[in-house]
Amino acid sequence: MKASRYILFSILFTLSVGLCAQKISPYVLVGESDLKLQEAENQVVSALEGKGFEVIGSYNAEGNQTLKVIVYTRKDLKDIVIQVKDRGALAAALKVGLKSDGPGTKISYLNPEYLFQAYLRDSYDRYANGLKTVSEDAKSALSPLGPVNEGFGGAMTAEELRKYHYKIMMPYFTDPAELMEFASFEEGVRIIEKNLQARKGSTIPVYSIKFPEEKVAVFGVGLMDEEEGEKHFLPIIGEDHLAAMPYELILQGNAATMLHGRYRIALHWPELTMGTFTKIMSTPGDIKDVMKDLCK
């Protein structure tokens, strides 16, 4: 009897370790659609809405008419992430990328599970069932739109994502770039929205998610500067990771912050070599400068 119990325990332990060690890719390639970009966008939006998701924004990354990002969320997801006090609201925005550089359109999406593990970290376990439902619903909505449905862009385990940083001395999720402190949450929202509507710093507003009771707001920002924005850095680090965009800033209470570029860019391009990273060495600082200006 003891031997049987030991064997059973060993099997269960091995299975649990194997599950914990499963690697998660940052993106899923749905496949190449025969549809033109606008038609593919309509199809994606319809599929997401069929699973109860709300499309909250879209834009042409780089200002390029062949690149489109669709941003979506859902109430159950927002209800979960707002419970995670350390910028958990950043995980409320999920994204689909459309790339049309030929007769058809390539459809991919940011893997929700990858984002949740990285941004919610150990808090993920508390809300695992609800988060898995969101991930599975996104998958079931989008997977019928293409024949491939395979992960790409690298892979990490949940444990690696929760503790991720690119290299030694590089920032973690818990090392945000501080942007501004306002007199109040309401003042912060007003100033940031005013500047986005004015396209300050060659930015465009893509989406916003607000939690007025908790005094939290997330703003998705398109970076349209010809020399320092997406048109500069995306072709270098890889447009196939289109669903990483747009960059965001978060207002919590009266404090505005953003994920450090050396964390966020590396997380969304985990296969990025140091040699390629050095080609966009100024980009993290450029993005921070733009986000700071939006807060003034």
Worksheet entry | Distant-in-sequence amide H partners of residue 180 (H built 1.01 Å from N, under 5 Å) | 256
Worksheet entry | ³J(HN,Hα) computed for each position of region 147-160 - Karplus, 6.51 cos²θ - 1.76 cosθ + 1.60, integer Hz, glycine/proline x | x, 9, 6, 10, x, 8, x, x, 6, 9, 7, 4, 4, 5
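Sort 133-139, 219-225, 207-213 by packing, meaning the average of other beta carbons within 10 Å per residue, with the highest value first.
Details: 133-139: 18.6, 219-225: 23.1, 207-213: 16.6.
My ranking of the peptides, most packed first, is 219-225, 133-139, 207-213.
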Item to complete: Tell me which residues come under 5 Å, amide H to amide H, from residue 248 once H is placed; ignore anything under 5 positions away on its chain.
Response: 221
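Only Lys, Arg, Asp and Glu count, each charged at its Cβ (+1, +1, -1, -1), so figure out the dipole size of region 121-241 about its Cα centre, rounded to 20 debye. The partial results should precede the final answer.
Numbers: 14 positive and 22 negative charges, 43 e Å.
With only Lys, Arg, Asp and Glu charged at Cβ, the dipole is about 200 debye.
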Item to complete: Would you mind checking the tilt of helix 283-294 against the longest principal axis of the Cα atoms of the chain, expressed as 0 to 90 degrees and rounded to 10?
Response: 60
Worksheet item: What angle do you read, to the nearest 10 degrees and between 0 and 90, between the alpha-carbon axis of helix 2-20 and the longest principal axis of the chain?
Response: 20
Worksheet, complete the sentence: If unit charges are put on Cβ atoms (+1 for Lys and Arg, -1 for Asp and Glu) and the dipole of the chain is taken about its Cα centre, the option from 102, 55, 164 lying farthest towards the positive end turns out to be 164
Practice prompt. Calculate one ³J(HN,Hα) per residue across region 270-278 by plugging θ = phi - 60° into the Karplus curve 6.51 cos²θ - 1.76 cosθ + 1.60, and present them in order as whole Hz with x for glycine and proline.
Written response: x, 8, 4, 7, 4, x, 6, 4, 5
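Where nothing but the Cβ of Lys and Arg (+1) and of Asp and Glu (-1) is charged, how large is the charge dipole of the chain around its Cα centre, in debye to the nearest 20? Don't jump to the answer; show the numbers that get you there.
Values: 34 positive and 39 negative charges, 161 e Å.
Here the size comes out at about 780 debye.
Could you compute the net charge surrounding residue 207? Neighbours are other residues with a C-beta less than 11 Å from the C-beta of residue 207; K and R count +1, D and E count -1. Don't jump to the answer; show the numbers that get you there.
Details: positive: 95, 210; negative: 54, 248.
Neighbour charge sum, excluding residue 207 itself: 0.
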Worksheet item: So who's got an amide H within less than 5 Å of the one on residue 56, skipping anything under 5 residues away but keeping other chains? H placed 1.01 Å off N, in plane.
Response: 71, 72, 73
Fill in: Alpha-carbon radius of gyration plus Dmax, which is the widest Cα pair, for region 14-154 in Å
15.4, 49
Item to complete: Per residue of region 85-92, in order, report the coupling 6.51 cos²θ - 1.76 cosθ + 1.60 (Karplus, θ = phi - 60°) as ³J(HN,Hα) in whole Hz, putting x for Gly and Pro.
Response: 5, 7, 6, x, 4, 4, 7, 7
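Given the peptides 170-183, 24-37, arrange them by the average over their residues of other C-beta atoms within 10 Å, most packed first. Numbers along the way, then the final one.
Values: 170-183: 16.1, 24-37: 19.4.
Taking the mean over residues of other Cβ atoms within 10 Å, the ranking is 24-37, 170-183.
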Response to the item:
One finds the C-alpha centres of region 166-208 and region 65-91 to be spaced, in Å, by 16
Worksheet item: For percent of Cα pairs over 23 Å apart, the listed values are (1) 63; (2) 55; (3) 52; which was obtained by calculation from the structure presented?
Response: (2)
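Values quoted throughout were computed directly from the atomic coordinates according to the rules given, and no laboratory measurement underlies them. Since the structure is predicted, the reported quantities are computational estimates derived from the model, not experimental observations. Note that we place each Cβ from the backbone using ideal geometry, even for glycine, and neighbour counts take in every protein chain shown.
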